[in-house]
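**Q** This structure is in structure tokens; I'll ask about it shortly.
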Amino acid sequence: MKIDNYIKNNKDHFLKDLFKFLKIKSISAQSEFKKEIRNAALFLKQEFKSIGMDKVEILSTKKHPIVYAEKIISKKLPTILVYGHYDVQPPEPLNLWFKPPFEPYIKNNKIYARGAADDKGQVFMHIKAIETLIKTNNIKFNVKFIIEGEEEMGSDSLSNFLSKKNNLKLLNADVVLVSDTEMISLKNPSIPISLRGIAAMDIEIIGPNRDLHSGVYGGAVANPIEILCKMFSSLKDENNHIKIPHFYDDVIILKDKEKDNIKKIPFNIVNYKKEIEVKELYGEKGYNTIERTGIRPSIEINGIWGGYTEKEGFKTVLPTKAFGKLSLRLVANQNAKKIAEDCKKYLLNIAPKSVDVKIKIHDGISNGMLIDTNSKAFVAAQKAIQKVFKKEPILTRGGGSIPILSKFQEKFKIPIVMLGFGLPSDNIHSPNENFGIDNFFIGLNTIIEFYKNFSNSN
Ligand code: BES
Ligand code: MN
Ligand code: MN
């Protein structure tokens, strides 16, 4: 049977299988879903077996299992390693979902469910692309899948897995292909050429041994919330430039030609302001939005709490403690570990003696990454997009992170290509996450085109 016909005839079956996957509550961050995480891995194992992969394994780790599958046609043929993740972000707040997050449904030609775009739907394009090629006798390359369950919490277990030589051998390939990013739009197909790295930390400010009467003590004792606010607001100056010493030392300054390329990205098409309903965008002086999220590092405060907040009315306390969480997004060439330590030191330094400060840097720190646009693999991806979309892809810079990719880059020395088909309107990490059915099938066809181009060029 021809490839096109197989896809046409199996449209419903592909979506039915994807719905089964989306129903599994594989929330990696919340330990009560441990069993569902395991079910997602088991589901993938079954799926890989049923499409005709030769070797399928669930690899246990300290936390969530990794699913590995391979089909080796011939040692002489090139090998494509597909990476993705089956874990999803917590769905809260639940009351903002139109329907429950793990009961997938279709509306306006989009699939709604947690994980629809990030990343179950996108992993599934690869599974069904390989199914199509196997069942129609068109697979002319070797393929390996590594699908993990901890991406949304920093990929620690997969990092450890990569530190063993034997495992590197197992994953040996000619390219890493990842569908876990987004495009500007289906009319403006794009490929990210960089992603930012990430480091996150928790801060605790400890003041008096108990909540105090804010009249009796007010004005004479350091208020932990006030101190935390001061510390947080010392992170950036009036131009939103980060004040941590040496923070920008290793940031790559773009060449004029690269700067021009960034200016050419049709940002208006995304219409950020309208999408997120803010009156104005905001950020580091001297840079536009694309630069701020693409080539500049940033710090965001992710949460802050303490004192009397939960109930109505007022309570005159000077609280005993304050808490905050922050994360840094780092660009290629910055050392994420070192910068996280620098940030911690800076915060500890500016805190007054009147409080104690505890800072815990989380595991799962990762560097930013930059892709080689001259590799055969990258050219194969550009050609695949050109063929399916009838348009040359725009090269973008992603602001998000896929923590394991910089580690792949360090360990493997093979090209990485990010061929993602999400859209900015997919609501990833938010209520009502969705993935277009067109995105799924256009993605599937582009992936098949990539496989073809890549295996022919090697
Ligand atoms: N798929 C995303 C990353 C992404 C999204 C890249 C859109 C480019 C465009 C990934 O699943 C993700 O959310 N990563 C987290 C990692 C973190 C939790 C360690 C992120 O970036 O916050
Ligand atoms: Mn993802
Ligand atoms: Mn995600």
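The values are calculated or read from the model by the stated rules, or taken from the named source; none is laboratory data. Owing to the predicted nature of the structure, the values given are computational and were not obtained by experimental measurement. We place every Cβ from the backbone using ideal geometry, glycine too, and count neighbours over all the protein chains shown.
**Q** Check residue 148 against each of (1) under 27 Å from the mean Cα position of the chain (by Cα); (2) surrounded by 21 or more Cβ atoms within 10 Å (Cβ to Cβ); (3) outside the structural domain of residue 447 (by TED's automatic domain parsing) and name the one condition it does not meet.
**A** (3)
Residue-by-condition table, conditions (1) on the phi > 0 side of the Ramachandran plot; (2) within 13 Å of ligand 2 (Cβ to nearest atom):
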{"position": "130", "(1), (2)": "no, no"}
{"position": "134", "(1), (2)": "no, no"}
{"position": "137", "(1), (2)": "yes, no"}
{"position": "143", "(1), (2)": "no, no"}
{"position": "146", "(1), (2)": "no, no"}
{"position": "150", "(1), (2)": "no, yes"}
{"position": "181", "(1), (2)": "no, yes"}
{"position": "184", "(1), (2)": "no, no"}
{"position": "187", "(1), (2)": "no, no"}
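Here is a yes/no grid of residues against (1) touching a Leu at 6+ places or on another chain (Cβ under 8 Å); (2) over 26 Å from residue 183 (Cα atoms):
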{"residue": "71", "(1), (2)": "no, yes"}
{"residue": "79", "(1), (2)": "no, no"}
{"residue": "84", "(1), (2)": "no, no"}
{"residue": "87", "(1), (2)": "no, no"}
{"residue": "90", "(1), (2)": "no, no"}
{"residue": "97", "(1), (2)": "no, no"}
{"residue": "100", "(1), (2)": "yes, yes"}
{"residue": "108", "(1), (2)": "no, no"}
{"residue": "115", "(1), (2)": "yes, no"}
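**Q** For the range 117-153, how many residues are in contact (Cβ under 8 Å) with a residue 24 or more places away in the chain, over 14 Å from residue 66 (Cα atoms) and of a type outside the set (A, V, I, L, M)?
**A** Selection size over the range 117-153: 16.
**Q** Further, regarding this structure: Filter the strands (runs of 3 or more DSSP E) completely within the range 104-160 down to those with at least 3 residues that are within 16 Å of ligand 1 (Cβ to nearest atom). Before you say what the answer is, go through the steps one by one.
**A** Values: elements: 105-107, 110-112, 142-148.
Strands (runs of 3 or more DSSP E) meeting the threshold: 142-148.
**Q** While we're here: Check off (1) free of Cβ contacts under 8 Å to residues at least 40 places away in the same chain; (2) in contact with a helix residue (DSSP H, G or I) (Cβ under 7 Å, 6 or more places away or on another chain) for residue 290 and give me the number that stays unchecked.
**A** Condition (1) is where residue 290 drops out.
**Q** Pull up the range 399-458, narrow it to residues that are within 25 Å of residue 7 (Cα to Cα) and part of a strand (DSSP E or B), then point me to the one that is farthest from the chain's Cα centre (by Cα).
**A** 436
**Q** Do you know which of the residues in the range 74-90 that are within 14 Å of ligand 1 (Cβ to nearest atom) and not hydrophobic (A, V, I, L, M, F, W, C) is farthest from residue 37 (Cα to Cα)? Step through it out loud before you land on a result.
**A** The initial filter retains those residues of the range 74-90 that are within 14 Å of ligand 1 (Cβ to nearest atom), namely 83-90.
The next check asks that each one be not hydrophobic (A, V, I, L, M, F, W, C); those that pass are 83-87, 89-90.
On the way: 83: 17, 84: 15, 85: 11, 86: 8, 87: 7, 89: 12, 90: 13 Å.
Only one residue tops the list, namely 83.
**Q** Can you pull out the residues in the range 31-59 that are acidic (Asp, Glu) and closer than 15 Å to residue 126 by Cβ? Quick ask: steps written out before the conclusion?
**A** First pass over the range 31-59, keeping only residues acidic (Asp, Glu): 32, 36, 47, 54, 57.
Hit for the range 31-59 is 47, nothing else.
**Q** Listed residues 345, 325, 337; which is away from ligand 1 (no atom under 16 Å from the Cβ) and basic (Lys, Arg)?
**A** Being away from ligand 1 (no atom under 16 Å from the Cβ) and basic (Lys, Arg) holds for just one of 345, 325, 337, which is 345.
**Q** Within the set of pairs 6 or more residues apart or between chains, which connect a residue that is within 16 Å of ligand 2 (Cβ to nearest atom) inside the range 75-87 to a residue that is in a strand (DSSP E or B) with Cβ atoms less than 6 Å apart?
**A** Qualifying pairs under 6 Å: 82/145; 82/177; 83/146; 83/176; 83/178; 84/147; 85/148; 86/147.
**Q** Also, I was wondering about something else. What are the pairs with Cβ atoms under 6 angstrom where one residue, in the range 401-427, is under 18 Å from residue 449 (Cα atoms) and the other, located anywhere, is of a type in the set (Lys, Arg) and within 15 Å of ligand 2 (Cβ to nearest atom)? Sequence gap at least six, or different chains.
**A** Going by the 6 Å Cβ cut-off, there are no qualifying pairs.
**Q** Find the residue count for the range 411-444, including only residues that are more than 30 Å from residue 164 (Cα to Cα) and either buried (at least 19 other Cβ atoms within 10 Å of the Cβ) or within 16 Å of ligand 1 (Cβ to nearest atom) (or both).
**A** Filtering the range 411-444 for residues more than 30 Å from residue 164 (Cα to Cα) gives 421-444.
Within this subset, residues satisfying the condition of being either buried (at least 19 other Cβ atoms within 10 Å of the Cβ) or within 16 Å of ligand 1 (Cβ to nearest atom) (or both) are 421-431, 433-436, 439-440, 442-444.
Residues flagged as more than 30 Å from residue 164 (Cα to Cα) and either buried (at least 19 other Cβ atoms within 10 Å of the Cβ) or within 16 Å of ligand 1 (Cβ to nearest atom) (or both) within the range 411-444 amount to 20.
**Q** I'm told residue 225 meets every condition in (1) surrounded by 12 or more Cβ atoms within 10 Å (Cβ to Cβ); (2) closer than 29 Å to residue 188 by Cα; (3) at pLDDT 90 or above except one. Can you identify the failing condition by its number?
**A** For residue 225, the exception is condition (2).
**Q** Name the residue, out of 353, 376, that is out of contact with any Leu (no Cβ under 7 Å at 6 or more places or on another chain) and in contact (Cβ under 8 Å) with a residue 12 or more places away in the chain.
**A** Numbers: 353 fails: in contact (Cβ under 8 Å) with a residue 12 or more places away in the chain.
It is 376.
**Q** Okay, next question. Out of 313, 286, 307, 294, report the one residue that is surrounded by 12 or more Cβ atoms within 10 Å (Cβ to Cβ) and on the phi > 0 side of the Ramachandran plot.
**A** Matching residue, one of 313, 286, 307, 294: 307.
**Q** Just one of (1) on the phi < 0 side of the Ramachandran plot; (2) within 16 Å of ligand 3 (Cβ to nearest atom); (3) surrounded by fewer than 19 Cβ atoms within 10 Å (Cβ to Cβ) trips up residue 392, so point out which.
**A** With (1) on the phi < 0 side of the Ramachandran plot; (2) within 16 Å of ligand 3 (Cβ to nearest atom); (3) surrounded by fewer than 19 Cβ atoms within 10 Å (Cβ to Cβ) applied to residue 392, the lone miss is (2).
**Q** A further question on this structure: Report whether or not residue 68 is farther than 25 Å from residue 50 by Cα, away from ligand 2 (no atom under 16 Å from the Cβ) and buried (at least 21 other Cβ atoms within 10 Å of the Cβ). Show your work before the answer.
**A** On the way: farther than 25 Å from residue 50 by Cα: no; away from ligand 2 (no atom under 16 Å from the Cβ): yes; buried (at least 21 other Cβ atoms within 10 Å of the Cβ): yes.
Criteria not met by residue 68.
**Q** Looking only at the range 67-104, which residues are of a type outside the set (A, V, I, L, M, F, W, C) and either within 16 Å of ligand 3 (Cβ to nearest atom) or not assigned by TED's automatic domain parsing to the domain that holds residue 153 (or both)?
**A** Hits for the range 67-104 are 83, 84, 85, 86, 87, 89, 90, 91, 92, 101.
**Q** Name the pairs whose Cβ atoms lie under 9 Å apart, with the first residue in the range 218-237 and of a type in the set (Lys, Arg), the second part of a loop (DSSP other than H, G, I, E, B) and surrounded by 15 or more Cβ atoms within 10 Å (Cβ to Cβ), and 6 or more positions between them or separate chains?
**A** Sorted first by the residue in the range 218-237, then by its partner, the pairs are 230/351; 236/284.
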